1. Take the residues in region 12-22 that are farther than 19 Å from E104 by Cβ and in contact (Cβ under 8 Å) with a residue 40 or more places away in the chain; name whichever of them is nearest to the chain's Cα centre (by Cα).
2. Among residues belonging to region 134-158 that are aliphatic (A, V, I, L, M) and surrounded by 10 or more Cβ atoms within 10 Å (Cβ to Cβ), point out the one that is modelled with the lowest pLDDT.
3. I'm trying to understand the selection: among the residues of region 132-149, which are of a type in the set (A, V, I, L, M) and over 12 Å from P66 (Cβ atoms)?
4. Can you give me the number of residues within region 113-140 that are closer than 20 Å to R168 by Cα and more than 15 Å from the chain's Cα centre (by Cα)?
5. Sort through D84, D128, D67 and tell me the only one that's over 30 Å from H16 (Cβ atoms) and surrounded by fewer than 21 Cβ atoms within 10 Å (Cβ to Cβ).
6. If we keep just the residues of region 88-125 that are closer than 15 Å to Y8 by Cβ and without any contact (Cβ under 8 Å) to a residue 60 or more places away in the chain, which is surrounded by the most Cβ atoms within 10 Å (Cβ to Cβ)?
7. In region 23-45, is there at least one residue being hydroxyl-bearing (S, T, Y), surrounded by fewer than 16 Cβ atoms within 10 Å (Cβ to Cβ) and touching a residue at least 40 places away in the same chain (Cβ under 8 Å)?
8. Could you run through region 96-128 and say how many residues are within 20 Å of A44 (Cα to Cα) and among the polar types (S, T, N, Q)?
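The values are calculated or read from the model by the stated rules, or taken from the named source; none is laboratory data. The structure displayed is predicted, hence computed values, not measured ones. A quick note on method: Cβ atoms are made from the backbone with ideal geometry, for glycine too, and the neighbour counts reach across all protein chains shown.
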Amino acid sequence: MTIVRARYWNTSQAAHQYLRTFAPTASHPARRLWSTDGAPRSLAAATALIDRAPSPRLFYGLLLSPDPTTEDGPRDLDLQELTDQTLRALGRRIGRPLPWVAAEDHEHGRSRHIHALAICPRRLGLPDLAVLSETATGVAYEQRRYRDAQESGSYVPVALEQLLEDLRA
């Protein structure tokens, strides 16, 4: 199961501080920021996203980490796609697309993971957080199934909704 951690702040100052923890730096030049549309983003563009966020808003720091044993053992999942699908699902639940910026962090530990900063119009409840966890896990399992089946030549697509339903059962 993909681990999802969430915390939030109501000040842009705190959001800027969180952004600096995963943004590219001289000591971590391989990190790359991307955003809602999947395009690479500069630190300046990510900072402007925070500064332009209309009120009311909360800044959510999210960590998405696929299980290194059952989901991302070969370290080949598309974490950008996993992040995009997970945050789109949250946006559908909230009723509007959410602006966000994210970066992959694989420079320490054995678990690749994503740090994301999402801007939400309201506080997320437990059902909202469950959507994050279920979607991230479902996307990771589907990607794993696809990659494993590609090797054996036996891939049959499964709708994400069906996969999530199976996981809940």
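1. Residues of region 12-22 farther than 19 Å from E104 by Cβ: 12-17.
Okay, now just the ones that are also in contact (Cβ under 8 Å) with a residue 40 or more places away in the chain, so 12, 14-15.
Values: S12: 20, A14: 19, A15: 16 Å.
Among those residues, the one meeting the criterion is A15.
2. If we filter region 134-158 for residues that are aliphatic (A, V, I, L, M), which is where we start, we get 136, 139-140, 149, 156, 158.
In the following step, the residues that additionally are surrounded by 10 or more Cβ atoms within 10 Å (Cβ to Cβ) were identified as 136, 139-140, 149, 158.
Details: A136: 96, V139: 95, A140: 94, A149: 85, V158: 64.
Here the residue is V158.
3. First pass over region 132-149, keeping only residues of a type in the set (A, V, I, L, M): 132, 136, 139-140, 149.
Result: L132, A149.
4. So the first thing to find is which residues in region 113-140 are closer than 20 Å to R168 by Cα, and the list is 125-140.
Pick out the ones that are also more than 15 Å from the chain's Cα centre (by Cα) and you get 125-127.
Matching residues across region 113-140 total 3.
5. Numbers: D84 fails: over 30 Å from H16 (Cβ atoms); D128 fails: over 30 Å from H16 (Cβ atoms).
Step by step, each of D84, D128, D67 is checked, and only D67 is over 30 Å from H16 (Cβ atoms) and surrounded by fewer than 21 Cβ atoms within 10 Å (Cβ to Cβ).
6. A118
7. First pass over region 23-45, keeping only residues hydroxyl-bearing (S, T, Y): 25, 27, 35-36, 42.
Add one more test, that the residue is surrounded by fewer than 16 Cβ atoms within 10 Å (Cβ to Cβ), and what stays is 25, 27, 42.
Applying the additional criterion that residues be touching a residue at least 40 places away in the same chain (Cβ under 8 Å) yields none.
For region 23-45, residues hydroxyl-bearing (S, T, Y), surrounded by fewer than 16 Cβ atoms within 10 Å (Cβ to Cβ) and touching a residue at least 40 places away in the same chain (Cβ under 8 Å): absent.
8. So the answer is 0.
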